[in-house]
Amino acid sequence: MSKGDVDAIGAHCQMAYCHVLDFLPFKCNACEGVYCLDHRTEAAHTCSKAADKRRPRSPNGPSPVFDERQCADPACKTLISVHLTTGVRCTTCNRSYCLKHRMGEDHNCKNLIPIGARPSNAFRRQRDQGISALSKLKAWAENKRAEDRNKKIKTLPFGFGKLGKSASSSSTAMKETNDLKKAAKGDASVPQDKRIYLNVEASADTTKSKYPSGKFFYNKEWTVGRVLDAAAKSLQVENVNNRGGGEEEKLRVFHVEGGRLLRFNEKIGGPCATGNMIVLLRGVGEPDLIDL
């Protein structure tokens, strides 16, 4: 067999300083270059087009990087429109899905706002429900803060009797904190001195969850966006924040003690302290645009 015949059935790796002849070369889906086995991955050949094929990493924390060819169903990780895997575009919601989720009933199509379309009446109602729930939550949080202030005033150590009440109140608070720390779950790799322990709830008025509440610890250096992702996963609340879409579908975090929505890029240890409560709500809008 001549050298020409050999070249005809293979291809040389395009990686600089490699150029090995591979009889079963690999084609990169991003840059469309041809590479050998050792350099077939985007990382191995330092692919210049990799960023163009993936959505950018969220500025709100180290959330997963989703490939734009990924099935639009939030729970599906299948890459579509790639070799041997066909993608199907839904003409109703204008999203692309894998074969498993191509049917409307399989990707909850009736509850999705079509991309490029105006919000439906259903989503406007959901937004109204979100605003109403947030308003109630703000009122409840204010009452809770007022009660906490009154308790502190009543237990000021001006006299022996009140000093005893103050000590009792302090002991109760310490017990509650210790109970929270004992019950809280979280990433074991977070250092003890970096942990912040929080009570977490999912708003029943705006979203569905398998577990309505829980006690968890996070790294106080994590952003609110990262904490939200972790909390939604723990309570099993549907979270499509990293898939784009309007505010009607997004989850937000309400800090009870602070009485406000938190921004995704805030560090959780800034506004929150151990023992505080945060609530996950859906469809309430951006913090800067909400002032109830």
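Laboratory data are not the source of any read-out in this text; all were calculated from the coordinates shown. Computed from a predicted model, the values in this text were never measured in an experiment. Methodologically, a virtual Cβ is constructed for each residue, glycine included, from the backbone with ideal geometry; neighbour enumeration extends over all protein chains shown.
Some values worked out for this structure:
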{"quantity": "Spacing of the two label points (7 Å from each Cα toward its C-beta) at Glu221 and Asp179, in nm", "calculated": "3.3"}
{"quantity": "Tail beyond 19 Å, pair distance distribution of the range 174-292 (Cα, percent)", "calculated": "42"}
{"quantity": "Whole-Hz ³J(HN,Hα) from phi, Karplus 6.51 cos²θ - 1.76 cosθ + 1.60, for the range 102-111, glycine and proline x", "calculated": "6, 7, x, 5, 8, 10, 6, 4, 5, 9"}
{"quantity": "Interchain or long-range residues, amide H under 5 Å from Arg95's placed H", "calculated": "Cys90"}
{"quantity": "Gain in span if fully extended, Asp187 to Ser213, counting 0.36 nm per residue against the direct Cα distance", "calculated": "7.6 nm"}
{"quantity": "Subset of Lys175/Lys220; Lys138/Lys233; Lys208/Lys267; Lys136/Lys181; Lys185/Lys210; Lys27/Lys49 violating a 18 Å alpha-carbon distance limit", "calculated": "Lys175/Lys220; Lys138/Lys233; Lys208/Lys267; Lys136/Lys181"}
